[in-house]
Amino acid sequence: MTDEVYSDLMREFKEGKYVFTGELEPEKAGNVNEPIEMAKELLGLVVACNVTDNPQSFAYVSSLAASYKIQKETGMECVYQLRCSDRNRMALLSDVLGAGTLGIKNILALAGDHVSLGDTPDAKPVFDLDSTTLIHMIRKMVDEGKDLGGNEIADPPKLHVGGAAAPGAAHLKAEVGKVQRKINAGVEYLQTQVVYYTDVLDKFFNELGETDVPILVGIFPARTFGQADFFDKYVAGVDVPPDYLESMRATKQIKDKEKKKEEVDRVNIEFFTKFLEHLKGTPAAGCHMMAVGYPRIIAPLKKVME
Amino acid sequence: MIAQEQKPMEEILGYLEGKQKVVVMGCGGCATFYHTGDKKAVNEMAEKLEKEGKEVLTKIVMPLGMQACETEKCSIFLQKNRSAVENCDAIMVMSCGDGVQVVTEYTDEEMGIAKEVYPVNDPLGLVGGGPTKFKETCQSCGMCELGKTAGVCPLTSCGKGLMNGPCGGVREGDKCEIDPDKDCAWVKIYKRMEKLGKLDAFEQMNDPHEWSKMKRPRLFELEKPMGMMDMMGAMMNLNTISGYMSMMFAKPPAEEEEAKKE
């Protein structure tokens with residue numbers, strides 16, 4: 001394993017800083033204007049932003065193209081999310097080399113949701129590699145300058161690879177076994193799926209035990225009741241607490257836009273302040289704020305951790 | 001066995017638009033087992049087609065053990081019905097895709113008769129289990145991984161075919177992200193490894209699967225084909241006979257459930 005540091009994200013981990021990352025979502029459009037605007041608002045608040053790759057298997061702008069454009073036009077460091085669902089190992093390798101060429105410094109290696117769950121359900125799912133073997137491949141490319149078959153790569157890419165963990169998985173022991181596999185494969189940091197319950201998180205950390213790999217805990221302050229409800233109903237392994245859901249539902253009744261915004265912020269700040277206070281006592285190295293399209297919530301939540 | 005089900009009648013009739021004379025051909029292999037190509041199924045299909053105004057020139061029923069996918073066996077039945085095959089507009093084959101293609105290739109290349117050959121069934125995969133519920137557990141990938149995964153094939157039984165799972169989408173009750181009626185293969189692998197006392201192996205990465213072993217179409221050659229004598233020998237064995245006898249006297253699953261309740 002190399003000790004080289006290629007990205008600001010990795011630098012902050014190594015320096016022991018409490019790390020904050022954000023999330024940007026390219027859409028089904030011929031441009032990435034909106035995520036670019038969001039990235040500008042997040043500058044200075046987070047060290048890097050994940051750029052989603054066909055989230056929930058909805059086919060959107062290429063995450064690699066979006067990562068490059070966002071990074072180039074805003075200076076926001078991007079974490080290029082890369083799914084195995086849509087590419088075989090050759091395409092994955094090409095995209096990793098492409099990412100290196102375009103100056104991308106971080107990749108989050110994901111298996112990805114099954115294509116049948118999204119808006120292109122008749123697509124042939126690929127999954128030639130999985131998240132663990134993708135992590136292994138990227139480490140081999142970066143550290144040894146070789147591909148999976150052992151072929152030499154001239155001027156290997158210089159980037160870091162992270163992986164995901166699901167603390168709320170129905171079978172925690174099997175999930176942790178898989179996370180351990182990612183650690184053995186050389187994952188450089190982990191980012192958890194969204195968690196709302198502190199006891200779910202505690203159980204995960206206990207089951208995982210000690211590790212040198214920094215872990216970012218995923219939180220999702222919802223901008224609307226609909227967003228929170230979607231996570232509760234449709235995202236596997238994520239349960240949203242009923243009290244929080246009810247408070248968010250109540251904001252739907254407020255007609256005045258500004259007052260509604262204030263109330264949504266108040267609900268989120270109240271709920272996540274307690275959550276983040278708890279986070280201080282866990283081994284978490286930071287927090288991934290999956291607040292897509294909701295940049296104004298980042299600063300007040302960050303304050304809790306100061 | 002290759003599980004299969006009959007296509008919707010509209011699709012079958014769609015193939016026959018503008019065609020009048022048909023040959024309906026069954027299969028004495030898996031299709032007989034799954035009631036999609038046995039004598040009854042062939043008769044019913046012929047009846048339905050006649051009701052739709054088609055003329056069924058002949059019904060080819062292949063008895064159990066006579067599979068449409070084996071050229072040698074299939075050819076006997078096609079040759080016997082040569083004149084119907086020559087005079088029809090289409091041959092409707094009630095088998096898996098192998099059977100349909102053997103009929104296509106044999107009629108075209110060996111009999112010199114180029115006819116439309118249509119599938120009546122949709123093949124659903126290599127399955128195990130029974131007597132009434134089956135599941136796909138093997139995809140004949142050419143490089144069996146079961147030795148690494150405690151006897152559960154993740155390429156087939158995991159919805160995503162992951163060599164390293166489970167994915168983050170395991171549902172309540174250890175069910176699959178894609179279909180809550182299906183079990184998560186990787187949780188099953190975990191539980192098997194736990195029972196076998198080899199959870200350490202669960203934390204080790206499995207290499208990517210070698211898909212190079214599955215270059216399609218795969219060709220396969222036997223040094224010595226199975227002759228009739230071999231078949232008889234395999235069947236007339238004491239263990240085989242006692243096995244058939246036990247099956248004969250076994251209660252159907254529904255009755256067995258009732259008996260348990262009593």
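Here are some conditions: (1) away from chain B (no Cβ under 14 Å); (2) closer than 22 Å to A:Gly22 by Cβ. A:Lys158 meets all but one. Which one does it not meet?
Result: A:Lys158 passes all but (2).
Only one of these conditions is not met by B:Arg192: (1) touching a residue at least 12 places away in the same chain (Cβ under 8 Å); (2) more than 9 Å from every other protein chain (Cβ to nearest Cβ); (3) not in a helix (DSSP H, G or I). Which number is it?
(3)
Does any residue of the range B:21-28 turn out to be in the same structural domain as B:Ser83 (by TED's automatic domain parsing), open to solvent by 70 Å² or more (accessible area, probe 1.4 Å), assigned to a helix (DSSP H, G or I) and not aliphatic (A, V, I, L, M)? Don't jump to the end; show me each part of the working.
Step one: list which residues in the range B:21-28 are in the same structural domain as B:Ser83 (by TED's automatic domain parsing), which gives B:21-28.
So of that shortlist, the ones also open to solvent by 70 Å² or more (accessible area, probe 1.4 Å) come out as B:21.
Then drop every residue that is not assigned to a helix (DSSP H, G or I), which leaves none.
Scanning the range B:21-28, I find no residue that is in the same structural domain as B:Ser83 (by TED's automatic domain parsing), open to solvent by 70 Å² or more (accessible area, probe 1.4 Å), assigned to a helix (DSSP H, G or I) and not aliphatic (A, V, I, L, M), so the answer is no.
Only residues that are open to solvent by 10 Å² or more (accessible area, probe 1.4 Å), outside any loop (DSSP other than H, G, I, E, B) and facing chain B (nearest Cβ under 7 Å): list them for the range A:179-194, please.
Selection gives A:Gln180, A:Asn184, A:Gln193.
Anything in the range A:95-128 that is at the interface with chain B (Cβ under 9 Å from one of its Cβ atoms) and more than 15 Å from B:Ile178 (Cβ to Cβ)? List them, or say none.
A:Leu110, A:Asp128 - these are the residues of the range A:95-128 that are at the interface with chain B (Cβ under 9 Å from one of its Cβ atoms) and more than 15 Å from B:Ile178 (Cβ to Cβ).
Can you tell me which of B:Pro180, B:Pro217 is part of a loop (DSSP other than H, G, I, E, B), under 17 Å from A:Asp113 (Cα atoms), more than 7 Å from chain A (Cβ to nearest Cβ) and without any contact (Cβ under 8 Å) to a residue 12 or more places away in the chain? Even if it seems obvious, please write down each step before you answer.
On the way: B:Pro217 fails: under 17 Å from A:Asp113 (Cα atoms).
Checking each option against the conditions leaves just B:Pro180.
The values are calculated or read from the model by the stated rules, or taken from the named source; none is laboratory data. Owing to the predicted nature of the structure, the values given are computational and were not obtained by experimental measurement. Cβ: placed from backbone, ideal geometry, glycine included. Neighbour counts: every protein chain shown. Note: accessible area is taken over every heavy atom of the protein model, side chains too, but ligands, DNA and RNA are not part of it. Shrake-Rupley method; radii C 1.70, N 1.55, O 1.52, S 1.80 Å.
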